[in-house]
1. Please work out which one of (1) loosely packed, with under 14 Cβ neighbours inside 10 Å; (2) at pLDDT 90 or above is the condition Val77 fails and give its number.
2. Condition first: within 21 Å of Asp53 (Cα to Cα), assigned to a helix (DSSP H, G or I) and of a type in the set (A, V, I, L, M, F, W, C). Now tell me which residues in the stretch 65-110 satisfy that.
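The values are calculated or read from the model by the stated rules, or taken from the named source; none is laboratory data. Since the structure is predicted, the reported quantities are computational estimates derived from the model, not experimental observations. As a convention, Cβ positions derive from the backbone with ideal geometry for all residues, glycine included, and neighbour counts pool all protein chains shown.
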Amino acid sequence: MTNLYSTRHDARGHPGHGPDPTWRPAADSTVGGSRPGATSERGDDPAALLAGDRLALTVTEAAGLLGISRALAYELVARHELPSIRLGRRLVVPKIALLEMLGLRPRREV
């Protein structure tokens, strides 16, 4: 009789499928993928992201700095409430525009 709770591969006895008590995630991986609102692998320090030589942040990095979810950050970009620039297929948030939006830097004269 077939076990109704096993997968097709377990029933056939294929190695590498099914529960393995000795399996552990790799040391550099996080459980469940990336954390919501996390910044990049370069570090979680917001000051390091703003102080670097890059002129723009990814939308995910900007979301981490603002303390909002990635989905909300993309929604704000779509509503033009979060300043962004499209470079080909990529969206980036200019650091200077983000600081101006937050009132941490005086607005530029046009």
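1. Of (1) loosely packed, with under 14 Cβ neighbours inside 10 Å; (2) at pLDDT 90 or above, only one is false for Val77: (1).
2. Selection gives Leu65, Leu66, Ile96, Ala97, Leu98, Leu99, Met101.
Each row is one residue, and each column tells you yes or no for (1) touching a His at 6+ places or on another chain (Cβ under 8 Å); (2) at pLDDT below 65; (3) within 14 Å of Met101 (Cβ to Cβ); (4) not acidic (Asp, Glu).
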site	(1), (2), (3), (4)
Asp28	no, yes, no, no
Thr60	no, no, no, yes
Gly64	no, no, no, yes
Ser69	no, no, no, yes
Leu82	no, no, yes, yes
Ile85	no, no, yes, yes
